[in-house]
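Everything below concerns the one structure shown next.
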Amino acid sequence: MKMCPKCGAMVEEGMFTCTSCGATLAGGARNVKAQPVNGKKASNVNQTPNVKNQTTAVMLSALLGSLGVDRFYLGYTGSGVVKLLTLGGLGIWWLVDLVRLCAGSMRPANDGAWEHEVNARPKAPKSKLLAVLLALFGGAFGADRFYLGYLGLGVLKLLTAGGMGLWLIIDVVLVAADAVRPADGSDWAEDMRYAGAPAQGAAAKEEDAADTLERLAKLHSMGVVSDEEFARQKAELLKKL
């Protein structure tokens with residue numbers, strides 16, 4: 001089974017179209033017969049999936065957006081030509097596209113996907129302490145945003161030197177206050193570690209109580225511990241289980 005990068009549904013291996021949303025999956029081949037999805041014929045099945053790199057798209061938009069290079073790269077040929085002829089809408093279109101790419105609202109054409117979505121793999125949880133340190137000492141280079149998975153914003157922060165220092169300060173406060181978290185929605189590594197500690201401690205206490213009860217039973221059977229003492233200590237130990 002593999003996961004659809006667009007809707008997250010599980011699809012059988014060998015399928016090149018998601019049966020839930022109709023999106024073309026990575027590895028799809030040309031000339032694949034269209035499969036009906038919810039009574040409608042799936043689109044873009046006979047095309048190679050449009051998978052692009054988000055960081056590259058943001059860089060092209062920032063440096064060559066006035067020439068429409070970012071639009072050409074993403075597959076928007078028509079609007080790319082218009083953007084070229086208008087010099088990025090006299091700068092306004094250039095800025096709008098740059099912000100949209102950084103925010104993730106502008107994506108590859110024809111229901112395409114970003115490389116980091118198609119090649120998504122389980123990742124280690126992010127450390128909040130490390131994120132704060134990166135925001136403080138590497139925020140001018142967007143290091144904290146890159147670390148947390150905000151690639152587009154990381155590039156924009158890098159190009160603006162942390163918003164001339166203002167964005168750097170804001171991100172330090174936001175990360176420390178837990179207002180900015182990992183982009184994939186996962187918990188901080190510290191939270192996961194602390195959440196598991198009480199359960200592990202309770203299990204250890206139960207195991208110790210069980211061992212003590214077993215030893216007490218042996219002493220009682222040997223006549224070392226009286227019936228009254230055995231009953232009293234047994235009741236106390238059972239409360240801990």
Within 12 Å, Cβ to Cβ, of ALA143, how many net charges do the neighbouring residues add up to if Lys/Arg are +1 and Asp/Glu are -1? 0
Once you keep just the Cα pairs under 8 angstrom separated by 6 or more residues, what percentage relative contact order results for region 57-118? 32 percent
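Could you line up CYS7, CYS18 from fewest to most neighbouring Cβ atoms inside 10 Å? Walk me through the numbers on the way to the answer.
Details: CYS7 12, CYS18 24.
The fewest-first ordering by Cβ neighbours comes to CYS7, CYS18.
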For GLU117, GLU214, which order do you get if you count the other beta carbons within 10 Å of each Cβ and list the fewest first? GLU214, GLU117
Expressed in nanometres to one decimal, the distance between label points 7 Å along Cα→Cβ at LEU95 and HIS116 is 2.6 nm
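Structure shown: which of LYS52/LYS126; LYS83/LYS157; LYS52/LYS157; LYS83/LYS126 lie over 29 Å apart, alpha-carbon to alpha-carbon? Please report the intermediate quantities before stating the final value.
Numbers: LYS52/LYS126 25 Å; LYS83/LYS157 24 Å; LYS52/LYS157 21 Å; LYS83/LYS126 39 Å.
From LYS52/LYS126; LYS83/LYS157; LYS52/LYS157; LYS83/LYS126, over 29 Å: LYS83/LYS126.
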Residues whose built amide H sits under 5 Å from the amide H of ALA113, excluding neighbours closer than 5 in sequence, are ASN50, VAL51, LYS52
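Please state the shape class of region 147-195: rounded when a/c is under 1.5, otherwise prolate if a/b exceeds b/c and oblate if not, all from the C-alpha gyration tensor.
Numbers: a/c = 3.72, a/b = 1.86, b/c = 2.00.
Oblate, since a/c reaches 1.5 and b/c is not below a/b.
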Point-to-point label distance, VAL81-ALA231, nm (Cα→Cβ direction, 7 Å offset): 9.7 nm
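Tell me the net charge near LEU90. Cut-off is 15 Å between Cβ atoms, LEU90 excluded, with +1 for each Lys or Arg and -1 for each Asp or Glu. Write down the numbers at each step before the final one.
Working: positive: LYS83; negative: ASP97.
Net charge in that neighbourhood comes out at 0.
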According to a simple spin-label model (label point 7 Å from Cα along Cα-to-Cβ), what is the distance in nm between GLU214 and PHE137? 4.9 nm
Charge-dipole axis of region 105-168 as Lys and Arg at +1 and Asp and Glu at -1 on Cβ define it, positive-most pick from PRO125, ALA140, LEU166: PRO125
Would you pull out the residues with amide H under 5 Å of THR17's amide H, same chain only if 5 or more places away, H placed 1.01 Å from N? LEU25
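Bear in mind these aren't lab numbers, they're just calculated from the coordinates by the rules spelled out. Predicted model, so just to flag it, every value in this text is computed and none were measured. Cβ coordinates were reconstructed from backbone atoms using ideal geometry, including for glycine residues, and neighbour counts include every protein chain displayed.
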